[in-house]
1. So, in segment 141-165, of the ones that are open to solvent by 30 Å² or more (accessible area, probe 1.4 Å) and small (Gly, Ala, Ser), which residue ends up farthest from Gly198 (Cα to Cα)?
2. For segment 139-185, which positions are among the hydroxyl-bearing types (Ser, Thr, Tyr) and under 22 Å from the mean Cα position of the chain (by Cα)?
3. Collect the residues in segment 222-256 that are among the β-branched types (Val, Ile, Thr), over 13 Å from Leu141 (Cα atoms) and buried (at least 17 other Cβ atoms within 10 Å of the Cβ), keeping them in residue-number order.
4. From the list Val385, Val367, Val424, pick out the single residue that is open to solvent by 30 Å² or more (accessible area, probe 1.4 Å), of a type in the set (A, V, I, L, M) and within 30 Å of Asn99 (Cα to Cα).
5. Kindly state which strands (runs of 3 or more DSSP E) lie completely within segment 43-100 and contain at least 3 residues that are within 17 Å of Ile15 (Cβ to Cβ) and open to solvent by 10 Å² or more (accessible area, probe 1.4 Å).
6. For the condition free of Cβ contacts under 8 Å to residues at least 60 places away in the same chain, surrounded by fewer than 13 Cβ atoms within 10 Å (Cβ to Cβ) and under 30 Å from Lys24 (Cα atoms), what is the one hit in Thr180, Thr212?
7. Residue check, Leu175 against (1) at pLDDT below 95; (2) closer than 25 Å to Val364 by Cα; (3) out of contact with any His (no Cβ under 8 Å at 6 or more places or on another chain); (4) open to solvent by 20 Å² or more (accessible area, probe 1.4 Å), all met but one. Which one?
8. When residues of segment 111-140 are filtered for being closer than 27 Å to Pro344 by Cβ and either β-branched (Val, Ile, Thr) or open to solvent by less than 40 Å² (accessible area, probe 1.4 Å) (or both), how many remain?
Amino acid sequence: MVQPEPTDTTPAVTIIVLNYNGAKFIRPCLDALAKQDLPAEQYAVWVIDNASRDESLEILDREYQWVRVIRNGRNDGFAGGNNVGLRQVTTRLVALLNNDARPEPDWIRRLIAPFAEPETERLGAISGKIVFLPRFVEFVLRTPAFHPGPMDGRELGVRVYRVEVDGVDVTEHVLWENATYGPEGSGAERFRWTRAGGRLLIPAALDGQQPTDDIQIRVEVAAEADKPVTLAWTDGEVAFAAGPTRSVATFTVPAGTPSWDVLNNAGSKVFADGYGADRAYQEIDRGQYDTADEVFAFCGGSVCLRTEALRDADFFDADFFLYYEDTDLSWRLRSAGWSIRYEPTAVARHIHSATSGEWSPLFVFHVDRNRLLMLTKNATRGLAVREVLRYPLTTASLAAREVARSRHTRRRPPIRPTLLRLRVIASYLRLLPRMLARRRHLIRTATVNRRELQERWLVRR
């Protein structure tokens, strides 16, 4: 396919918003783009619709005639869907924004500004600061813990089933990472085990505004035995009991209690074991990432790219569908000699995993598989082979552990996690010949040695 050439005419940048069944998100996103402080003739907004089945297209046709809508006939995921637009762009810069993100009014002006600085001709991408949409109150949890048995090495506190703020269920908006393990169960029985202690970040207001009134919080918990639970916040604390029967604790956080922006991404990184991660993930934004810096990878949810660099690196890999596609492209950009920078003044607020759902089977499948695909294409042979072989070995080990645990508990072992990991392996093997061909192409065309890239950028945990 012949690519259109960038021109010197306005607009300066094309903003692409990928949409899939995003009717409940698209209005706040586009309304925020309409309020950008860059002159309207300096930027164009395109929505690529991935065959949505909700009211998205009707909303776009009725309310946003100033937006160019490109209808993709199928759901090609984040990678393929964005490529539909990226291959048509004629501006020298192109920005990507998630449909569940709300950019600040100076977002696009701040993103494109570094490209005009002297000696930035090899600057390939600028990644903005992404914060979670709500503001959060920080809580410290404490409770006696127990070890469930020889087949489970975790230290468990209490089970948390539901969290409400002012009568609204915010369970899936709570930032649990520092205080709990992953979710278990489903439906009304879905819960998370806490640790003995840790930090919980509970939304104070889902709209991102600073709350002005008292906050009423309701927490539904249970435990293996009767035990006390304490939640402490700035200048306050509440204690309640948990036990074998699910119970509810209700308490008030007074008006004036500090609430915080929490960081979702400040550029991305890859660890030495080949796992990608958001830099600054779930850190309270206290200004510690307010300095522009070079980063290994950009986050595709809020980024501006040089069109020339995109073409040089051959766009997103559509086989990734979603997750790791931005880290894979970043790796290829760096292999081609392009740099990537983080710009802290370009801020967007984001609803995390609103489309796919964090820890859903869709999420886990693509994260696990695409990590292996990325390493196969981009990493040194030693790292790629080690991590690819480790995955089936870990799958077998986890399955054996579940069988042993089932004998101990006299319950049927769960098979869905194992089946999901087997699907990952099967899909990876199906795509392996294609990835190896791309690896050979990258080795031939790279201007920066992959070992040099790993030694410079991959970080230890």
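The values are calculated or read from the model by the stated rules, or taken from the named source; none is laboratory data. From a predicted model like this one, the values you see are computed outputs, not experimental measurements. Cβ atoms come from the backbone with ideal geometry, glycine included; neighbour counts cover every protein chain shown. Note: areas computed on protein heavy atoms with side chains; ligands, DNA, RNA excluded. Shrake-Rupley method; radii C 1.70, N 1.55, O 1.52, S 1.80 Å.
1. Result: Gly153.
2. Let us first name the residues in segment 139-185 that are among the hydroxyl-bearing types (Ser, Thr, Tyr), namely 143, 161, 171, 180-181.
Once the filter is applied, which keeps residues that are among the hydroxyl-bearing types (Ser, Thr, Tyr) and under 22 Å from the mean Cα position of the chain (by Cα), segment 139-185 yields Thr171, Thr180, Tyr181.
3. Result: Val253, single match.
4. So the residue among Val385, Val367, Val424 that is open to solvent by 30 Å² or more (accessible area, probe 1.4 Å), of a type in the set (A, V, I, L, M) and within 30 Å of Asn99 (Cα to Cα) is Val367.
5. By residue number, 43-50, 68-72.
6. On the way: Thr180 fails: surrounded by fewer than 13 Cβ atoms within 10 Å (Cβ to Cβ).
One residue alone meets the criteria, Thr212.
7. Every condition holds for Leu175 apart from (4).
8. Final tally of qualifying residues: 20.
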